[in-house]
Ligand SMILES: [Zn+2]
C-alpha cells in the first residue's frame with residue numbers, strides 16, 4: 001500500500017493544469033449524516049450512528065404515519081497542492 005488515502009483523486013484523474021490532489025478533510029469533523037422525512041422535512045439533526053437514525057425514522061413513521069426518508073451525508077474534502085512530478 002502506498003500510504004495515500006484510497007479515496008483521494010489523483011491529479012491525472014481531473015483536468016487541472018496544476019498538481020492538485022483532492023483528499024478527504026477531517027480536520028474539523030468526520031462525515032456528518034442527517035436524515036429527514038420527505039413528507040414534512042422533520043428530522044433529528046446531525047447523527048452519529050445508524051441505530052439512532054433508524055430509531056428516529058421508525059418512531060416518526062409510528063407517530064406521523066410518514067414512511068419515506070432522505071439520508072444526507074456531508075463529507076468534507078480539501079484540495080492540496082502537491083510537488084510537481086516531471087513527466088507525470
Ligand atoms: Zn414527516
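Restricting the search to the range 24-43, which residues are in a loop (DSSP other than H, G, I, E, B) and within 16 Å of the ligand (Cβ to nearest atom)?
If the condition is that a residue be in a loop (DSSP other than H, G, I, E, B) and within 16 Å of the ligand (Cβ to nearest atom), then 38, 39, 40, 41, 42, 43 are the ones that fit.
Residue-wise test of (1) free of Cβ contacts under 8 Å to residues at least 40 places away in the same chain; (2) under 20 Å from the mean Cα position of the chain (by Cα); (3) surrounded by fewer than 12 Cβ atoms within 10 Å (Cβ to Cβ).
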residue: 29; (1), (2), (3): no, yes, yes
residue: 34; (1), (2), (3): no, yes, no
residue: 40; (1), (2), (3): yes, no, yes
residue: 50; (1), (2), (3): yes, yes, yes
residue: 53; (1), (2), (3): yes, yes, no
residue: 69; (1), (2), (3): yes, yes, no
residue: 74; (1), (2), (3): no, yes, yes
residue: 78; (1), (2), (3): no, yes, yes
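Every number in this text was worked out from the coordinates using simple rules, so none of it is lab data. Keep in mind the model is a prediction, meaning the values are calculated, not measured. Glycine gets a Cβ as well: all are built from the backbone with ideal geometry, and neighbour counts include every protein chain shown.
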